[in-house]
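Here is the structure we will look at, set down as structure tokens.
The values are calculated or read from the model by the stated rules, or taken from the named source; none is laboratory data. Keep in mind that what you see is a predicted model, and the values were worked out from it rather than measured. All Cβ positions, glycine included, derive from the backbone under ideal geometry; neighbour counts span all protein chains shown.
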Amino acid sequence: MENTDRHLDDTTRKLRLITFLGFLFGFSVALVSYIGSSYYALALGGTTYVGLLYIISFSLLLVTLLNMHKALMRWGRGRSLMMLLVAQVGLLLLLVLLPVSYFTAAILALYYIIYGVIWVLWDAVLEAYSTDETTGRVRGMFLAVWGIGAIIGPAISLYVVDNYGFSMIFTIVMVLYVLMASGTMIALRDIRGHVQRRRMRIADKVKELIAQPALRYAYWIATTLGFFYATMVVFMPLKLTEIGFSFSEMGVLFTIMLIPFMLTGYPAGLIADRWLGEKELFFVGMLILIGSVVVAALVDQKDFALWATILFFSRFGGALIEAMRDSYFYKHIDGEDVAMINLFRTSRSVAYVLAMLVATAIQVVAGMNAVFITMIFVLLSGLYPIARLKDTK
């Protein structure tokens with residue numbers, strides 16, 4: 001009994017540290033999420049090839065995720081995460097020291113690719129410390145704390161870029177990665193080898209995902225949500241700029257927009273674990289998301305309060321879906337099945353590549369509002385897999 005209690009206390013301490021690292025991670029992500037396109041445009045001498053760079057980056061991320069289980073079988077989760085965090089420190093140091101150029105644009109693209117891999121590794125780490133009965137709460141709390149970090153990032157990043165330039169942002173993010181690497185060294189040494197050691201083909205995992213309705217529908221929903229995020233991150237700042245908002249105003253809007261990630265994750269996960277399951281909350285989140293995009297497509301005037309409301313509810317719906325997506329998926333897999341986790345997380349890369357191809361073409365042919373109308377139909381398609389889900393309660 002004493003050993004069991006000691007193990008539970010140790011697990012709780014590790015989860016708290018991992019959750020705090022999630023805060024640092026969310027803060028670091030938010031600091032660079034909304035400056036990437038501006039940095040690329042400066043480095044490439046215009047916006048013409050910015051979309052192409054995103055397509056290349058997420059295509060490479062997709063290939064990396066499909067093969068990442070090979071590295072995890074060799075080094076384990078904790079060591080792999082540690083190596084990537086240290087690599088990010090090196091890339092950020094180059095971004096701090098070197099002037100903006102084609103080369104630094106490629107470095108930033110590599111930074112984004114590694115960030116996508118790190119997000120998948122956090123999934124694998126969290127799964128090692130949660131059971132089916134606590135998955136919703138553990139992941140909900142992580143997303144909530146991640147959201148706190150993400151909330152304060154946009155306004156700070158846009159202010160710092162305006163007043164001190166890109167190098168200062170990269171310096172701040174580099175310090176955050178040093179802290180994350182130090183915390184990872186302390187927290188994750190004991191799960192380094194807890195991954196599958198047998199040989200596997202990714203094609204077999206694809207067949208397994210397709211054959212299991214729960215995993216297939218979860219992947220569909222995740223891809224739909226990823227399409228929304230990709231389109232909004234790239235095209236919402238463009239639309240707000242066309243309407244007449246300044247960068248400082250957009251920084252405040254984006255901060256308000258991200259508040260639901262702090263408020264929604266843990267309560268939604270708790271409700272899913274104890275009472276409703278995920279299906280009902282999936283529906284509510286998707287309907288809120290669709291409604292907010294419909295309004296965004298119709299509104300063209302500069303009204304700060306109105307746009308703050310639209311963006312807030314768009315992310316409220318997205319945060320609900322994101323929390324339920326993770327809760328539902330991880331209740332249907334073995335936590336040591338890292339290859340399936342990697343495959344599931346490719347939904348983000350697939351969605352981003354599709355979104356950049358589709359949305360960019362539609363904007364050129366039919367204009368900005370057509371992009372949002374297209375997104376509405378994509379989100380409506382997400383109602384079908386939700387309706388087909390077998391609830392966990």
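Scan the stretch 28-50 residue by residue and report those that are surrounded by fewer than 18 Cβ atoms within 10 Å (Cβ to Cβ) and not polar (S, T, N, Q). If the condition is that a residue be surrounded by fewer than 18 Cβ atoms within 10 Å (Cβ to Cβ) and not polar (S, T, N, Q), then Ala41, Leu42, Leu44, Gly45, Gly46, Tyr49 are the ones that fit. Just wondering, is there one or more residues in the stretch 348-363 that are more than 22 Å from the chain's Cα centre (by Cα), within 30 Å of Gly244 (Cβ to Cβ) and either surrounded by 23 or more Cβ atoms within 10 Å (Cβ to Cβ) or without any contact (Cβ under 8 Å) to a residue 40 or more places away in the chain (or both)? The answer is yes; a qualifying residue exists.
Are any residues in the stretch 28-45 hydroxyl-bearing (Ser, Thr, Tyr) and either outside any helix (DSSP H, G or I) or at pLDDT 80 or above (or both), and if so, which ones?
As a first pass, look at the stretch 28-45 and keep what is hydroxyl-bearing (Ser, Thr, Tyr): 28, 33-34, 37-40.
Residues satisfying the conditions are Ser28, Tyr34, Tyr39, Tyr40.
Could you tell me whether Leu81 is touching a helix residue (DSSP H, G or I) at 6+ places or on another chain (Cβ under 6 Å), at pLDDT below 80 and closer than 22 Å to Ala222 by Cβ? Give the derivation first.
Working: touching a helix residue (DSSP H, G or I) at 6+ places or on another chain (Cβ under 6 Å): yes; at pLDDT below 80: no; closer than 22 Å to Ala222 by Cβ: yes.
Criteria not met by Leu81.
Would you check which residues across the stretch 150-165 are over 23 Å from Leu21 (Cα atoms) and not in a helix (DSSP H, G or I) and list them? Across the stretch 150-165, the qualifying residue is only Gly165.
Of the numbered criteria (1) surrounded by 22 or more Cβ atoms within 10 Å (Cβ to Cβ); (2) touching a Leu at 6+ places or on another chain (Cβ under 8 Å), the one Gln88 fails is (2). Considering each residue of the stretch 7-27 in turn, at least one proves to be at pLDDT below 75, crowded, with 19+ Cβ neighbours inside 10 Å and either assigned to a helix (DSSP H, G or I) or in contact with a strand residue (DSSP E or B) (Cβ under 8 Å, 6 or more places away or on another chain) (or both).
Among the residues of the stretch 51-85, the ones that are without any contact (Cβ under 8 Å) to a residue 60 or more places away in the chain, crowded, with 20+ Cβ neighbours inside 10 Å and farther than 23 Å from Met340 by Cβ come to 2 in all.
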